[in-house]
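> Okay, handing you the structure first.
Since every read-out is calculated from the coordinates, none of them should be taken as a lab result. In this text the structure is predicted, and so the values were computed from the model without any measurement. Every residue, glycine among them, receives a Cβ derived from its backbone with ideal geometry; neighbour counts consider all protein chains shown.
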There are 2 protein chains.
Amino acid sequence: MIPFELTILGTSSALPTSSRYPTAHVLNVRERFFLIDCGEGTQIQLRKLGVRFSRINHLFISHLHGDHYYGLIGLLSSYALLERKNDLHIYAHSELPELLEKQLYLLKNDQTYNIIWHPLNFKRPQTILENKTVKVVSFPLKHRIPCCGFLFTEQPEPKNLIREKIKEYNIPIREMQNIKQGADFVTDEGKKIKNEELTHAQKKPRSYAFCSDTAFLPKLKDTIKNVDLLYHEATYDKRMEKRAGEIFHSTANQAAQLAKLGNVGQLVIGHFSARYKDTSQLLNEAKAVFENTVAAEDGMVISIPRETVR
Amino acid sequence: MIPFELTILGTSSALPTSSRYPTAHVLNVRERFFLIDCGEGTQIQLRKLGVRFSRINHLFISHLHGDHYYGLIGLLSSYALLERKNDLHIYAHSELPELLEKQLYLLKNDQTYNIIWHPLNFKRPQTILENKTVKVVSFPLKHRIPCCGFLFTEQPEPKNLIREKIKEYNIPIREMQNIKQGADFVTDEGKKIKNEELTHAQKKPRSYAFCSDTAFLPKLKDTIKNVDLLYHEATYDKRMEKRAGEIFHSTANQAAQLAKLGNVGQLVIGHFSARYKDTSQLLNEAKAVFENTVAAEDGMVISIPRETVR
């Protein structure tokens, strides 16, 4: 199976607990790995969960609260010790390299790889990465400090031609590339053959949206519309809605409302306040609004299967 | 039982593994807690192991390699979230507050407690803390960058008078304090009564020496002489002795040699290179030189019982 798979490394809010590390997710898109946020202990969780973190080349930091980036310096340091060679792209607030400046300077001597910093735009959505595997769009959230969410969409693979049809219509090689990209074919006799008759049914590109710390923001529904998997923070329960709003966090109910508005496939909630010893209350609250919800646990893996579309 | 108890939070060297966090120890001396080094994930280990870390008021950082201090900023941040009130004393290289300056600045608004920084002396041994519970002496080690070890010695408790003897010799109240401090007593008839006849046998003050990253340094034997418990790094095995020396680390054999030279009660080795999947080789090597050795594991607790001396 060609993976589109999320591994959740940490599910606490600002205070880690005995069973919850701070926020960090890894998304595996066809064996390319993308790290999203990097709370303290991320490198340890990557090891415990057997993620081959040498294969992470892109790292996304939603905002500069410590529970989302304190694990970065340790990871960068370990990459140096492991003599990493590949460039590492870090998408974050422009102030992050400055914040870590002196610690990064101390790593300089042992640095075996380049860090390429990409400042995020906190004003409007922006495509920050597009390659053969994935397209990543950052979008502003509403938190106490500038904060971005990230939308990962798998790139469509080229269509595969149906061998028998090539023969039947005597399709020349020069036309094949166009058909793979979606074009119809016109025979010598002027007959138009529709693309879908010539190609195998395609797989639907899979998608994942990460909504880190944010107040409830209904207008996000357009950004996250129809994603297969939505992660949304759910720091509090419904009774704490006022408090949540004051410090720009969300309740489980609000996370589920957004999932419903956005017509997403599945919702995973996380970033739980340390006050919740177990999360059943939060999960039930979300499920009442949006049934297909799971409460994140450290180490949880969620796979999105490939679906054929026509 | 009145504790003198070491809890080992992390036992890896620079690269953490799936079962080993980086260096951090907590020493409980009569319910006062002292944190020694603070690698990434220390606050998580404190929680997992149930250490009441709100009771830590003194924190010692041996040197500024990341695996010994990357967990500090997260701990300081959590203390603020937990609205800590007590002063926190941090004994470390004078450059540490500067290294973390910008991250500390971001915590300022939520800071509910004072941090009092105590710069270490890397030239000579120095008493850095002395209170009713404990005396702590820092002493220079030999590493690639300035590095200190720490010697913790329990303070002797005042002697307890034997009630019957007070009566027998009709000891006036004004003399009692002197006798508790060890003085003899002279009766009105001029007869000298030895202190040990008047007081209960005392408990021997317990001691712990922490030798973080260092090359083999035989002259340390005088500093750590007769300690009840010696922690000494043992990054490598004997065959790696040359390499160890080059990068100012020690072998298990060398750690044990020091334990023997210093006539210590027990040796615990740690800071194992990630190359060792299990540590039996290192342990056997040390035990061949100094039998009473244990290999540290994350979460290990070592208690030193009180012994009566005369």
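> Across segment B:210-224, in residue order, what do the Karplus-derived ³J(HN,Hα) couplings come to in whole Hz, using 6.51 cos²θ - 1.76 cosθ + 1.60 with θ = phi - 60° and x for Gly and Pro?
Residue by residue, segment B:210-224 yields 10, 10, 5, 3, 6, 6, 4, 9, x, 5, 4, 3, 6, 5, 9 Hz.
> Could you work out the helix-only [θ] at 222 nm for chain A, with each DSSP H run of four or more residues adding -39,500 (n - 2.57) and the total divided by the number of residues, to the nearest 500 deg cm²/dmol? Please report the intermediate quantities before stating the final value.
Details: 10 runs with 71 residues, N = 310.
Helices in chain A give a 222 nm mean residue ellipticity of -6000 deg cm²/dmol.
> Still on this model: Suppose we consider the axis relating copy A to copy B; can you name the residue of A with the nearest Cβ and state that distance in angstrom as an integer?
Closest Cβ on chain A to the axis mapping it onto B, in Å: A:GLY41, 2.
> Okay, moving on. When Cβ neighbours within 10 Å are restricted to other protein chains, what is their mean count per residue of peptide A:17-23? If you can, show how the numbers build up before the last one.
Working: counts 3, 7, 3, 2, 2, 3, 0.
So the per-residue partner count for this stretch is 3.
> Something else now. Using a cut-off of 11 Å between beta-carbons, work out the net charge of the residues near A:GLY74 (Lys and Arg +1, Asp and Glu -1, A:GLY74 not included).
Details: positive: none; negative: A:GLU40, B:GLU40, B:ASP67.
Local charge sum for A:GLY74: -3.
> Okay, moving on. Just to be sure I understand: of the beta bridges DSSP finds with both ends in segment A:1-160, what percent are antiparallel, rounded to 5? Show your work: numbers first, answer last.
Working: 22 of 34 bridges.
Antiparallel: roughly 65 percent of the beta bridges in segment A:1-160.
> Then there is this: Please report, in Å, the Rg and the Dmax of chain A, where both are computed over Cα atoms only.
For chain A, the Cα radius of gyration and maximum Cα-Cα distance read 21.8, 73 Å.
> Against the empirical 2.2 N^0.38 Å scaling, what ratio does the C-alpha Rg of segment B:248-290 come to?
Here the Cα radius of gyration is 1.12 times the empirical estimate.
> Provide, as a two-decimal number, the C-alpha radius of gyration of the protein assembly as shown over 2.2 N^0.38 Å, N being how many residues it has. If you can, show how the numbers build up before the last one.
On the way: Rg = 30.9 Å, N = 620, 2.2 N^0.38 = 25.3 Å.
Computed over Cα atoms of the protein assembly as shown, the ratio equals 1.22.
> While we're on this one: Compute, for the protein assembly as shown, the length of the dipole vector about the Cα centre, with Cβ point charges of +1 (Lys, Arg) and -1 (Asp, Glu) only. Units Debye, rounded to 20.
Values: 84 positive and 70 negative charges, 31 e Å.
Here the size comes out at about 140 debye.
> Quick one: pull the percentage of alpha-carbon pairs in segment B:196-310 with a separation above 18 Å. Present the calculation step by step, with values, prior to reporting the outcome.
On the way: 3280 of 6555 pairs.
Roughly 50 percent, rounded to a whole number.
> Oh, and also: Please compute one quarter of the surface area of the Cα convex hull for segment A:1-136 and express it in square nanometres.
Working: hull surface 34.9 nm².
If you wrap the Cα atoms of segment A:1-136 in a convex hull and average its projections, you get 8.7 nm².
> Output the relative contact order of chain B, whole-number percent, from Cα pairs under 8 angstrom with separation of 6+ residues. Walk me through the numbers on the way to the answer.
Working: 699 pairs, mean separation 52.6, N = 310.
Relative CO of chain B lands at 17 percent.
> Which whole number gives the average, over all residues in B:97-110, of C-beta atoms from other chains lying within 10 Å of the residue C-beta? Don't skip to the answer; put the middle values down first.
Values: counts 0, 1, 6, 4, 3, 7, 9, 0, 1, 6, 1, 0, 0, 1.
Counting Cβ atoms of other protein chains within 10 Å of each residue's Cβ and averaging gives 3.
> Ranked from highest to lowest mean number of other Cβ atoms within 10 Å per residue, what is the order of the peptides A:177-186, B:225-234? Walk me through the numbers on the way to the answer.
Details: A:177-186: 14.2, B:225-234: 24.3.
Those peptides, ordered most packed to least, come out B:225-234, A:177-186.
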